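Okay, so here's the structure we're looking at.
The values are calculated or read from the model by the stated rules, or taken from the named source; none is laboratory data. The shown structure was predicted, so the numbers you read here are calculated from the model rather than taken from an experiment. Here Cβ is always computed from backbone atoms with ideal geometry, including for glycine, and neighbour counts include all displayed protein chains. Please note that ligands, DNA and RNA were not included when accessible areas were found on the heavy atoms of the full protein model with its side chains. Shrake-Rupley method; radii C 1.70, N 1.55, O 1.52, S 1.80 Å.
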Amino acid sequence: MATSADIAVNLTSSSVGIISVIVFVTAYAFVMAEEVTHLRKSKPVILSAGIIWALIAFHFMGNKEMAHMVEASLRHGVLEYAELFLFLLVAMTYINSMDNRDVFNALRSWLTRKGFTYKQLFVITGVIAFFLSPIADNLTTALVLCAVLLAVGKDNNKFISIGCINIVVAANAGGAFSPFGDITTLMVWQKGLLNFFDFFAIFIPSVVNYVVPAFIMYFFVENGTPKSSGETVVMRRGAKRIIFLFILTIVTAVCFHNFLTLPPMLGMMVGFGYLSIFAYYLKMTHGNSETDSLEKFDVLRKVSKAEWDTLLFFFGVILSVGGLGFIGYLSMINNFMYVELGATWANVLVGILSAIVDNIPVMFAVLTMNPPMEESQWLLVTLTAGVGGSMLSVGSAAGVALMGQARGKYTFFGHLKWTPVIALGYAASIYAHILINF
């Protein structure tokens, strides 16, 4: 990996390099058009990763030394993906388990029964999204609270649209100051560039990012009170204990990383052990409570319901970007962004690119380049990559998911109307970070 810069000159201008870029851009075009084509986003990037690395290996086929370097670089990428995969798999299993125990349905039921006004619901769902996403991740948070809006808003498309925008901004902002809130923050933490508690330094900038657009949008939310459904949902047996075990799992992962210098993934797998043991208890005592349903709790079924398309998408992105980095394109980008533009402007640009391309490949590219930066700059790029995607509905996983969940009510152009206001919050959060942390 250290000598990849030496071969960059040869490969970036070669047919291998040019074809690899075309393959990746084409694959990502299909990813961005997922709503139209209905082709799952994992499929084109997995194909892209295989083609790129096959082209690199073919180029060095007669050179044993370089062939070994290609293999070592590929294995390095697979290892990075494996750590991310296992971490996310456990987190997703916990979320699915809490969903099975009706934790999120109970929250939705409580909010819909309270008789809040539209303005109150706008504020409450936004605040919950901001503080729930650091724990449950921004995607899950957005989906849960969008269900609340759809339940209380019913046919009020205007309220659902502006409420979804508020949730996307809040969930992305809340996820930016926690390693568990977004894939990008998780990647930075697992890379060891920032400690767990370092992320909380961008709490206030994250608040600013959410509050500025929310404050302006609040005045455009209509008055009135939606009709309450009166539905009451009670959490099923074991729900509170699974929530406790999830918190314990997070603590375990943090302790493994901070005190034992072990990958957080290992702590999460220990947490999976907690859940597996408790699942066995629930299964063996099934039927002893009126809140038990006909189906026994099976932890492996919760594993099977993980977002496999998302997990495989990360595989394709990480290995595709890793291949382009081996070719030398990331070195070229690094020289332009972090040498010519400077770290601050480069990190601001990362957030803007995240709104267009998605923050995961952008952040992984930055981590692969690993430019020499101070802690304040790593916090800045974590902030911008996390919240930059809020400027467009397609810029974050939360936005893309809600376009599908609230189809026809929350749309790309509906979000685009508020982009200047969201961009104002983006600029204000960067300014707040510079004032506080530089």
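Numbers for the structure displayed
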read-out	value
Solvent-free Debye scattering, log10 I(q)/I(0), computed from the Cα coordinates of region 84-229 at q = 0.08 Å⁻¹	-0.23
Charge-dipole axis of region 167-320 as Lys and Arg at +1 and Asp and Glu at -1 on Cβ define it, positive-most pick from Gly273, Ile216, Leu194	Gly273
Solvent-accessible area, 1.4 Å probe, carbon plus sulfur percent, for the chain	68 percent
Region 1-114 - convex hull of the alpha-carbon atoms, volume per residue in Å³	159 Å³
Taking N as its residue count, the alpha carbon Rg of the chain over 2.2 N^0.38 Å	1.01
Region 100-180 shape via C-alpha gyration tensor axes, a/c threshold 1.5	oblate
Compactness relative to 2.2 N^0.38 Å, alpha carbon Rg of region 363-438	1.30
Selected from Leu262, Leu380, Leu319 as most flexible by GNM, with the chain as the system and alpha-carbon contacts under 10 Å	Leu262
Accessible area per residue, Å², region 294-421 with all protein chains present, probe 1.4 Å	38 Å²
Helix 138-153 axis, angle to the chain major axis (alpha carbon atoms, nearest 10°)	30 degrees
Top of Val152, Val251, Val103 by mean-square fluctuation, Gaussian network on the chain, Cα under 10 Å	Val251
Over the chain, relative contact order from alpha-carbon pairs under 8 Å, at least 6 apart, %	25 percent
Environment charge of Leu367, counting only residues whose C-beta is closer than 13 Å and scoring Lys/Arg +1, Asp/Glu -1	-1
Highest-MSF residue in the chain out of Met269, Met61, Met337 [GNM, Cα springs under 10 Å]	Met61
Residue-averaged 222 nm ellipticity for the chain, from DSSP H runs of 4+ at -39500 (n - 2.57), nearest 500	-24000 deg cm²/dmol
Simple Cβ-charge dipole of region 205-328, Lys/Arg +1 and Asp/Glu -1, about Cα centre, in debye nearest 20	340 debye
Net charge dipole size for region 32-131 [Lys, Arg +1 and Asp, Glu -1 on Cβ; Debye, nearest 20]	540 debye
Region 132-247 - percent relative contact order, Cα under 8 Å, separation 6 or more	26 percent
Accessible area (Å², per residue) of region 11-110, counting only protein heavy atoms and a probe of 1.4 Å	49 Å²
Charge dipole of region 23-134 about the Cα centre (unit charges at C-beta), most positive-ward option of Val25, Leu79, Leu89	Leu89
Region 153-253 shape via C-alpha gyration tensor axes, a/c threshold 1.5	oblate
Net charge, Leu132 excluded, C-beta distance under 14 Å - Lys, Arg +1, Asp, Glu -1	-2
Size of electric dipole in the chain: Cβ of Lys, Arg +1 and of Asp, Glu -1, about Cα centre, debye, nearest 20	1360 debye
